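Chemist: Before we start, here is the structure in question, set down as structure tokens.
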Amino acid sequence: MSAFLDIVWEESMPQGADTLLQAAANACVEAEGLTLPVYAQLRVTDDAGIREINRAYRGIDRATDVLSFPSTDCKPNRTLGHCEKKLLPERDETGRCFLGDIVISLPRAREQAAEYGHSLNREFAYLTAHAMFHLMGYDHMRDEDKERMRAMEEKALNRAGIGRVTDDELIALAKEAMQYSYSPYSHFKVGAALLARNGRVFQGCNIENASYGAGNCAERTALFKAVSEGVTEFAAIAIAAEKSMAWPCGICRQVLNEFAPALRVIVSCGDERDEAMLYDLLPHSFGPNTGMLDILGKE
Ligand code: THU
């Protein structure tokens with residue numbers, strides 16, 4: 001379903017920003033799975049402008065990069081996608097439901113774009129996505145909430161075609177890895193491409209063995225390659241199989257969950273594709289923060 005951004009540019013607009021931010025906002029509500037048409041108001045101002053709003057509405061007398069003021073009362077454990085019909089106000093005269101207000105400081109966005117080495121428009125799109133997810137209930141106070149919010153931001157930016165590695169590219173890399181599948185026993189070729197948060201991609205294939213049980217899946221091959229090179233934070237994995245779509249097996253779900261519960265899992269076979277979040281593929285998971293740590297009496 002679509003989102004509309006009502007943008008007020010108090011500062012001069014970078015070329016192409018309008019359409020990009022509309023696309024980013026749209027991708028956010030699509031990623032969240034909203035079904036009602038919504039809109040948000042975005043004000044782009046300077047440091048003095050955002051400082052004044054921060055002081056007046058939050059009692060914090062300093063400038064910041066982005067502020068968001070949700071109109072609904074959703075929470076990280078029950079974001080808007082799960083309760084939109086209950087929480088969203090009636091459609092107003094625009095024919096849409098109001099999500100809330102966003103304020104962005106142009107000078108701050110410019111500074112951050114330079115710091116991260118990407119374009120001002122990409123930084124704007126990121127800040128807009130960040131604020132849109134706040135408007136839909138996401139937060140980053142607790143580590144697990146932060147992970148989920150980050151994963152959704154990446155999913156949305158990717159959908160809007162402004163991710164660092166697009167889904168199409170990741171799938172192509174998984175297909176490339178599939179060529180090297182060593183599967184003389186099952187004849188079921190699988191390839192995986194694991195995207196790390198630092199932008200690196202690790203490819204892997206399934207490697208079988210005459211003793212059957214000693215074989216390894218493509219996903220774990222990719223993950224073990226990454227971890228053995230000191231990379232432990234991941235955003236997404238694409239899995240390509242030759243004969244049918246292959247969702248990760250139970251063991252791979254568990255192994256991936258060790259490092260990235262909020263991993264985006266994309267499966268593909270030929271032109272077909274589907275995706276899910278790892279935490280939805282492995283509900284009530286047993287992870288590094290449960291179990292043995294309690295027994296050992298650690299934090
Ligand atoms: N396999 C994978 O590599 N990944 C999956 O997601 C499912 C299964 C491999 C394991 C084995 O080599 C072959 O596919 C048949 O099960």
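The values are calculated or read from the model by the stated rules, or taken from the named source; none is laboratory data. As the structure is a computational prediction, the values presented were derived from the model and not from experiment. Methodologically, a virtual Cβ is constructed for each residue, glycine included, from the backbone with ideal geometry; neighbour enumeration extends over all protein chains shown. In case anyone asks, the SASA skips ligands and DNA or RNA and just uses the protein heavy atoms, side chains included. Shrake-Rupley method; radii C 1.70, N 1.55, O 1.52, S 1.80 Å.
Chemist: Compare the Cα positions of Asn209, Ala193, Gly270 along the charge dipole of the range 167-296 (+1 at Cβ of Lys, Arg; -1 at Cβ of Asp, Glu; about the Cα centre) and return the one farthest towards the positive end.
Modeler: Asn209
Chemist: So how do Trp247, Trp9 rank on accessible area, 1.4 Å probe, biggest first, that is with the largest at the start?
Modeler: Reading off the accessible areas and sorting them downward yields Trp247, Trp9.
Chemist: Taking the full set of protein chains and a 1.4 angstrom probe, give the accessible area of Asp92 in square angstrom, rounded to the nearest 10.
Modeler: 50
Chemist: Between Cys28, Asn257, Gly95, whose Cα lies farthest towards the positive end of the dipole of the chain when Lys and Arg beta carbons carry +1 and Asp and Glu beta carbons carry -1, centred on the Cα centre?
Modeler: Working it through, the farthest residue towards the positive pole turns out to be Asn257.
Chemist: In addition: Quick one: accessible area per residue over the chain, 1.4 Å probe, rounded to a whole number of Å²?
Modeler: Accessible surface, normalised per residue, equals 50 Å².
Chemist: Just need the relative contact order of the chain here, percent rounded to a whole number, with Cα pairs under 8 Å and 6+ apart.
Modeler: Working: 590 pairs, mean separation 37.5, N = 299.
Value for the chain: 13 percent.
Chemist: Amide H neighbours of Ser2 under 5 Å, counting only residues 5+ apart in sequence or on other chains, H built in-plane at 1.01 Å?
Modeler: Result for Ser2 returns Val38.
Chemist: Continuing with the same structure: How large is the dipole of the chain about the Cα centre if only Lys and Arg carry +1 and Asp and Glu carry -1, each at its Cβ, rounded to the nearest 20 debye?
Modeler: Here the size comes out at about 520 debye.
Chemist: Leaving out ligands, DNA and RNA, and with a 1.4 Å probe, what % of the accessible surface on the chain is carbon or sulfur?
Modeler: C and S atoms contribute 50 percent here.
Chemist: In deg cm²/dmol and to the nearest 500, what is the mean residue ellipticity at 222 nm of the chain if only DSSP H runs of at least 4 residues count, each as -39500 (n - 2.57), divided by the residue total? Before the final figure, lay out the partial values.
Modeler: Details: 11 runs with 120 residues, N = 299.
Calculated from helices alone, the mean residue ellipticity at 222 nm is -12000 deg cm²/dmol.
Chemist: Okay, next question. In straight Cα distance, which aspartates and glutamates are under 14 Å from Lys146, not counting same-chain residues fewer than 8 positions off?
Modeler: Glu154, Glu233
Chemist: Moving to a separate point now. Count neighbours as other Cβ atoms within 10 Å of each site's Cβ, and list the GluC sites (Glu not before Pro) in the range 78-168 that are DSSP loop with at most 15 such neighbours. Walk me through the numbers before you get to the answer.
Modeler: On the way: sites: Glu84, Glu90, Glu93, Glu111, Glu115, Glu123, Glu144, Glu147, Glu153, Glu154; in loops: Glu90, Glu93.
Hits after loop and neighbour filter: Glu90, Glu93.
Chemist: Can you tell me the Rg and the Dmax, both Å, for the Cα atoms in the range 3-159?
Modeler: Expressed in Å, the Cα Rg and Dmax of the range 3-159 come to 14.8, 42.
Chemist: Also: If you place +1 on the Cβ of every Lys and Arg, -1 on the Cβ of every Asp and Glu, and leave all else neutral, what size is the dipole of the range 143-256 about its Cα centre, to the nearest 20 Debye?
Modeler: 120
Chemist: Setting aside same-chain residues fewer than 8 positions from Lys189, which lysines have a Cα under 16 Å from its Cα?
Modeler: Candidates past the 8-residue exclusion: Lys175, Lys243.
Chemist: Can you sort Thr19, Thr232, Thr166 by solvent-accessible area, 1.4 Å probe, largest first?
Modeler: Greatest to least solvent exposure: Thr19, Thr232, Thr166.
Chemist: What number, in percent, do you get for the relative contact order of the range 3-159 if the mean sequence gap of Cα pairs under 8 Å and at least 6 apart is divided by its residue count?
Modeler: 29
Chemist: Which whole-number percent is the relative contact order of the range 163-279 (Cα, under 8 Å, 6+ apart)?
Modeler: Computed value for the range 163-279: 23 percent relative contact order.
Chemist: Right, next: Between Tyr185 and Tyr57, what length in nm is gained on full extension when 0.36 nm per residue of separation is reduced by their alpha carbon distance?
Modeler: 39.6 nm is the gain from fully extending Tyr185 to Tyr57.
Chemist: Round to the nearest 10 and give me the degree value, 0 to 90, for the angle of helix 120-135's Cα axis relative to the longest principal axis of the chain.
Modeler: Once rounded, one gets 90 degrees.
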